1. Sort out for me the Cα centre separation of segment 75-94 from segment 167-207, rounded to whole Å.
2. Quick one: net charge around residue 319, please, counting Lys, Arg +1 and Asp, Glu -1 for every other residue with C-beta under 15 Å from its C-beta.
3. So how far, in whole Å, is the C-alpha centre of segment 254-308 from the one of segment 8-58?
4. Run the numbers for residue 232 and residue 110: contour at 0.36 nm per residue of separation, minus the present Cα-Cα distance, in nm.
5. With all protein chains present, how much of the accessible area of segment 125-257 (probe radius 1.4 Å) comes from carbon and sulfur, to the nearest whole percent?
6. Beyond 22 Å, how much of the Cα-Cα pair distribution for segment 108-236 remains, as a whole percent?
7. State the extension gain, in nm to one decimal, for the chain segment bounded by residue 367 and residue 172, taking 0.36 nm per residue of separation less the distance between their alpha-carbons.
8. Tell me the mean residue ellipticity at 222 nm calculated for the chain from its helices only (DSSP H runs of n ≥ 4, each -39500 (n - 2.57), averaged over every residue, nearest 500).
Amino acid sequence: MKILVVGNGAREHAILHALAAEGSHELHAANGNPGIAAEATLHAVDQNDGPAVAALATSLGVDLVVVGPEAPLVAGVADAVVAAGIPAFGPSGAAAQLEGSKSFAKDVMAAAGVPTAMAHICTTVDEVAAALDAFGAPYVVKDDGLAAGKGVVVTSDRDAALEHAREALAARGAEGRVVVEEYLDGPEVSLFVISDGATVVPLVPAQDFKRIFDLDEGPNTGGMGAYSPLDWAPEGLVDEVVERIAQPTIDEMASRGTPFAGVLYVGLALTSRGTRVVEFNARFGDPETQVVLARLRSPLSALLLASATGTLAELPALHWSPSPVVNVVVAAHGYPGTVRSGDAITGIEAAEALDGVHVLHAGTGLSGEGTLVASGGRVLSVIAAGASLDDARARAYEGVARIGLDGSQHRTDIALKAARGEITVPSL
């Protein structure tokens, strides 16, 4: 097939890397990055401009467009592509509101009977203060709109929670809203489910690491690493999520006249009161996509096309590698605050010379002299498969050690507790 992937991060590189491994496609990317350029032809286009993306797809004669990031999905890029007569993997702008608005997602979950955290939708700081006091610490405050994975604050500091809410409300003006939720105990799990608007096909679970520093300290980020499989997860978890969460949500969206076709990212907490939804996203998650797709042995292209064309029920069962996979994110100096750009990157080839290791690009660019440099917060994902979780961790960190990026930072404890058998799920 001819396939166009929209986006320029490690998630999109992971998708293209998996498609390229099939060896039978003509791949294009808009806008891509230097790493993606090794596996696809790059095209300059405003990825949030639906007509522009549709025009590019039409001119290329592609068979499928894969819309990676949340902003183009919420902006309706998939709608424009479909209107041009080309299958698009990714929900419509209306359906993508499951990620675009936390309050909308809560309304859908309530209507579908999906277990999730209790919440208050607040439009003023006074309402936020009352909600914080009603739930007590730890406080959970979420920006209602898109925030690039950094719109959530979980803190025991009431003043910090109020300040986050104040900033979020101010940034969105008269339409500003924040969601204040009860804190959910227990380990978190990410599960992607693929839908064509009716049928649901789950992928394998992963766990990511949102805080910048080891031991889950420091501010939230877009994600500093991930691993799969989760040997500690309860037996039957995937079936439970499909039955109690994913399928009811897909059915509810269809009943509203806004069928959801694409990938529904189900963020879960395995709490003392059972499985609860932390959040929905309308696209593959980064950094989990990198480990999930590294384990997929069925053709990704067939899965994406079936979602886009309403034929998931006809797809054979997916096959997975049992080998553990670990992703360690290398971030730029200053991330997640003020990021320093322009530092040279070296050692990627040396890292990829290690058995089972590959490196995916996120925030990378080229200097005027053609040197690979950091151009964003999360710069690279170092992915490693191994015979065991310890083995995968060792290979991933050896890959990180071979990469040079002045001032870079990474967590040293990705998958460490899981490897040590230190993760427990609270008893019901």
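The values are calculated or read from the model by the stated rules, or taken from the named source; none is laboratory data. Predicted model only: the values in this text are computed from it and were never measured. Heads up, the Cβs are rebuilt from the backbone with ideal geometry, glycines too, and the neighbour counts pull from every protein chain shown. Surface accessibility is based on the protein's heavy atoms, side chains included, excluding ligands, DNA and RNA. Shrake-Rupley method; radii C 1.70, N 1.55, O 1.52, S 1.80 Å.
1. One Cα centre to the other: 22 Å.
2. Once positives and negatives cancel, what remains is +1.
3. What the calculation gives is 20 Å, centre to centre.
4. Length gained between residue 232 and residue 110: 41.0 nm.
5. 48 percent
6. Here the long-distance tail beyond 22 Å is 47 percent of all Cα pairs in segment 108-236.
7. That works out to 66.7 nm of additional length.
8. One gets -8500 deg cm²/dmol as the mean residue ellipticity at 222 nm.
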